[in-house]
Amino acid sequence: IAKSVTEFWRRWHISLSSFFRDYVYIPLGGNRKGQLRTLFNVCVVFLATGLWHGASWNFVLWGLWHGLFSVLEDSGGLPVKRFQGKMLDRIYTLLVVVLGFTLFRADTLAQAGAMFAAMFTGVGLNWAGTATVCALLTPTFLLTLAFALLLSFPAAKRIQPKNDMVTLFGALGLLVLCMFNLSAGTFNPFIYFRF
């Protein structure tokens, strides 16, 4: 539901963002030394965020990718404010984030390039893997996906319960469902293994 990359980072990995804000961005001067220095500080923070995840060019480029779009938004280089309210803002943000996380997920830059080629041209798609993907589309997964998609749209505000207790128990129920789903899985890679 984020409407810009900047907003995405306010919502995503809040503890990591707070850490880099408090211990890198603010000590560098934050936004107190002019716009050019502020944009430089944002780039340094995102470069550090990439390196935080691992000493690989993929992570460095992932950090710089997000930093580039944050700087373009903050400097007015991207007219994200004109997109707001037109669903184009969310499509733009989703595209930037998905392309960025392709860099994050790939083991090498060559693999990232192959993933991008497959995404945009279909070249190199592994159609044999389609059966594997279809096997993952269980009724529980599809129901969770439908629920998540429903809550990602503005119409969800109209159907959200007004009662705080209903919201609390609904959130706890989803948490328990996610925990059961994770514990039942046979393959749970540690995200920071390469770090």
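Using the Cα gyration tensor of the range 1-143, with a ≥ b ≥ c the square roots of its eigenvalues, what is the shape: rounded (a/c below 1.5), prolate (a/b larger than b/c) or oblate (neither)? Cα axes put the range 1-143 in the prolate bin. Annotation for F19 and D107: the two label points, set 7 Å from Cα along the Cα-Cβ direction, are 2.6 nm apart.
Oblate is the label for the range 53-131, because the ratio a/c of its alpha-carbon gyration tensor axes (a ≥ b ≥ c) is 1.5 or higher and a/b is not greater than b/c.
Let me know the shape class of the range 19-65, please: from the alpha-carbon gyration tensor, a ≥ b ≥ c as square roots of the eigenvalues, rounded when a/c is under 1.5, otherwise prolate if a/b is greater than b/c, or oblate. Taking the square roots of the gyration eigenvalues as a ≥ b ≥ c, the range 19-65 is oblate.
Extending 7 Å from Cα along the Cβ direction at F180 and again at A55 yields two label points whose distance is 4.4 nm. Note on T121 and K33: their simple-model spin labels are 4.3 nm apart, each label 7 Å out from Cα toward Cβ.
When the residues T138, T49 are ordered by accessible surface, computed with a 1.4 Å probe over the protein chains alone, the sequence from largest down reads T138, T49.
The values are calculated or read from the model by the stated rules, or taken from the named source; none is laboratory data. Note that the coordinates shown come from a computational prediction; the quantities given were computed from them, not determined experimentally. FYI the Cβ positions are ideal-geometry reconstructions off the backbone, even for glycines, and counts take in every protein chain you see. Areas reflect the complete protein model, heavy atoms only, side chains present, ligands, DNA and RNA absent. Shrake-Rupley method; radii C 1.70, N 1.55, O 1.52, S 1.80 Å.
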